[in-house]
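Notes follow once the structure below has been shown.
None of the figures in this text is laboratory data; all of them are computed from the coordinates on show. All values derive from a computational prediction rather than experimental measurement. Quick reminder, even Gly has a Cβ in these numbers, built from the backbone with ideal geometry, and neighbours come from all protein chains shown.
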Amino acid sequence: MAMFIRVDIDSAVQQDAALCKRIAEVCPVDIFKVVDSRLETVEANLDECTLCDLCIHAAPGKVQVVKLYR
Ligand code: SF4
């Protein structure tokens with residue numbers, strides 16, 4: 001599988017159910033989902049990331065989109 005990004009979610013996000021929901025909602029390509037009040041990434045959608053940074057703006061300093069390609 002050719003994934004070109006990795007998404008790092010700070011553990012602080014998981015303490016905030018409203019923030020988890022907001023991050024999941026803001027991504028235009030459904031890279032996040034909330035499972036049992038925890039924010040998870042949807043591996044199958046990772047390569048759909050448009051690098052729009054909406055998730056990063058939703059949770060400054062708590063979500064990072066790491067580019068894996070060179
Ligand atoms: S940068 Fe945009 S497309 Fe990529 S994970 Fe964040 S919200 Fe989704």
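Can you name the residue in the stretch 4-41 that is of a type in the set (V, I, T) and out of contact with any helix residue (DSSP H, G or I) (no Cβ under 9 Å at 6 or more places or on another chain) and is also farthest from the ligand (Cβ to nearest atom) among such residues? Once the filter is applied, the top-ranked residue is V35.
Listed by first and then second residue, the pairs with beta-carbon distance under 7 Å, at least 6 apart or on different chains, first residue in the stretch 5-21 and in contact (Cβ under 8 Å) with a residue 60 or more places away in the chain and under 22 Å from E48 (Cα atoms), second within 14 Å of the ligand (Cβ to nearest atom) and assigned to a helix (DSSP H, G or I), are I5/L46.
Figure legend. Inter-residue proximity from the stretch 32-60: first residues in contact (Cβ under 8 Å) with a residue 40 or more places away in the chain and among the hydrophobic types (A, V, I, L, M, F, W, C), second residues part of a loop (DSSP other than H, G, I, E, B) and more than 10 Å from the ligand (Cβ to nearest atom), beta-carbon distance below 8 Å, spacing 6+ or different chains. Indicated pairs: L46/M3; L46/F4; C49/F4; A59/D10.
Of the residues making up the stretch 2-27, those that are over 19 Å from V66 (Cβ atoms) and either loosely packed, with under 13 Cβ neighbours inside 10 Å or not hydrophobic (A, V, I, L, M, F, W, C) (or both) are Q15, D16, A18, K21, R22, E25.
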